[in-house]
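Quick note: the coordinates plus some simple rules give every number you see, no bench work behind them. Predicted model only: the values in this text are computed from it and were never measured.
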């Protein structure tokens, strides 16, 4: 593709709680980086699934007063063992949908279930599909979109199983969020080559982080083995116009998220911006 006079523009967002527990600080840093959107995983140290009505109202008011919008609710749905009662996760999704409606976003990030140590992914496939179908049914009824992230150690952690998941469930309410670093950390050392073409028809959201294949450490975009630049270039050429959400994980990472702090978050944003500039993509 030859870059013409029309600028390709994507919408920049970021996981606010990677910056600070206080939403005011989260917003200030994101705005300083030129973003008018935030991905909400927790606020005041409370995960989105546990926000009470007062906290949710305060967060919604704060975002509106600052001219910020939520790009997605980064929920923990599906980050539980697949052996748990399926109805429990459906009930948690209903709580998350309440958050998404309050923050005026249709997008909810989800996962496809952990399994016990020693259990093969193939052995939980049917249980995963049953649960994902139940979640998709709920999403369809409520008019929201579930964005499956290829997290480590869940059923959908490799391109092949992610494809199996989205095609087997076959719901318009189940789409994909692409995370290059997570693919690298489960041994997919060339994720763009291995999975981009098969998953692109279902890809609606981009999470920005990279990883070193040897150490498994998360690094700024373009500094690892995740083929981030190749993926960004392909998205540009495919006409992608969606969100690009920074999730740096440069200080620490754990089961329910990670942390970077303002300085490292800014470092990650600058690395990403450099990649975008090199291929003629801007952000808003």
*Please work out whether region 6-58 counts as rounded, prolate or oblate from its C-alpha gyration tensor, where a ≥ b ≥ c are the square roots of the eigenvalues and a/c under 1.5 means rounded, while otherwise a/b larger than b/c means prolate and anything else oblate?*
prolate
_Linear extension gain, residue 141 paired with residue 101, 0.36 nm per residue minus alpha-carbon span_ = 13.1 nm
*Restricting to region 114-208, what percent of DSSP beta bridges are antiparallel, rounded to 5?*
10 percent
*Just subtract the alpha-carbon distance of residue 85 and residue 58 from 0.36 nm times their residue separation and send over the number in nm, one decimal.*
6.5 nm
*At q = 0.22, 0.31 Å⁻¹, what log₁₀ I(q)/I(0) does a Debye calculation on the Cα points of region 134-177 give, no solvent, two decimals?*
-0.69, -1.10
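Do me a favour and compute the ellipsoid semi-axes for the chain from its Cα gyration tensor, root of five times each eigenvalue, largest one first, whole Å. Kindly include the intermediate steps, with their values, before the conclusion.
Values: eigenvalues 136, 114, 64 Å².
For the chain, the ellipsoid semi-axes come out as 26, 24, 18 Å.
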*If you wrap a convex hull around the Cα atoms of region 185-245, how much volume per residue is inside, in Å³?*
78 Å³
_Gaussian network model of the chain, Cα within-10 Å springs - most flexible of 231, 61, 105_ = 61
*asked:* Considering the Cα positions of region 101-242, please state its Rg to one decimal place and its Dmax as a whole number of Å.
replied: 15.0, 44
*Centroid-to-centroid separation of region 22-46 and region 61-115 [C-alpha atoms, Å]*: 17 Å
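Run lengths n ≥ 4 of DSSP H only: what is the helix-derived mean residue ellipticity at 222 nm for the chain, with -39500 (n - 2.57) per run over all residues, to the nearest 500? Before the final figure, lay out the partial values.
On the way: 8 runs with 104 residues, N = 284.
So the calculated ellipticity at 222 nm is -11500 deg cm²/dmol.
Among the DSSP beta bridges whose two residues both lie in the chain, what percent are antiparallel, rounded to the nearest 5?
Working: 8 of 38 bridges.
Here the share of antiparallel DSSP bridges comes out near 20 percent.
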*Between rounded, prolate and oblate, where does region 1-114 land on the alpha carbon gyration tensor, with a ≥ b ≥ c its root eigenvalues, rounded for a/c under 1.5, else prolate if a/b exceeds b/c?*
oblate
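How high is the relative contact order of the chain, in percent, with contacts defined as C-alpha pairs under 8 Å that are six or more residues apart? Walk me through the numbers on the way to the answer.
Numbers: 557 pairs, mean separation 56.8, N = 284.
Averaging sequence separation for qualifying contacts and normalising by length gives 20 percent for the chain.
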